[in-house]
Amino acid sequence: MIIRIIGASRGIEIDDPKNFKAFSVRIEGPIGPEIQTELLGRMAVSHDREHAWISENALREWPSLKSEAWWQEGLSNMMAAVTKFGWIDQANRSIRAHIEYAP
């Protein structure tokens, strides 16, 4: 799944939600630092230029997916699989995602 942060619309979308092996954040278009921080803050508990710690709750409660059993199970399986790499912050229930930038 790719969490798309879209500068032009100031929106957030999830692409390819069934692909739990491609978990990342993509910041699209020119976005000023204040807007980028505000948009990332809707999904991430913290972030820097390269990584964001995405809230498990924000993913579980994604409006179009929250009632889907495959979504909830997929998130649980993904989290279990990446725990061994240190990509889960148990204290604030977040998942580490690489940030990529697209023009």
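How big is the gap, in Å, between the Cα center of the range 79-103 and the Cα center of the range 44-74? For the range 79-103 versus the range 44-74, the Cα centre distance is 10 Å.
Taking the C-alpha atoms only, the angle from helix 69-82 to the longest principal axis of the chain is near 90 degrees. In a simple Cβ point-charge model (Lys, Arg +1; Asp, Glu -1; nothing else charged), the chain has a dipole of about 180 debye relative to its Cα centre. The value for the chain of Rg(Cα) / (2.2 N^0.38 Å) is 1.02.
When the Cα positions of A91, N57, V45 are compared along the charge dipole of the chain, A91 comes out farthest toward the positive end, with charges on each C-beta of Lys, Arg, Asp and Glu.
Where a number appears in this text, it was derived from the coordinates with a stated rule and is not lab data. Quick caveat: nothing in here was measured; it's all calculated off a predicted structure. Don't worry about glycine lacking a Cβ; one is built from the backbone with ideal geometry, like all the others, and counts go over all protein chains shown.
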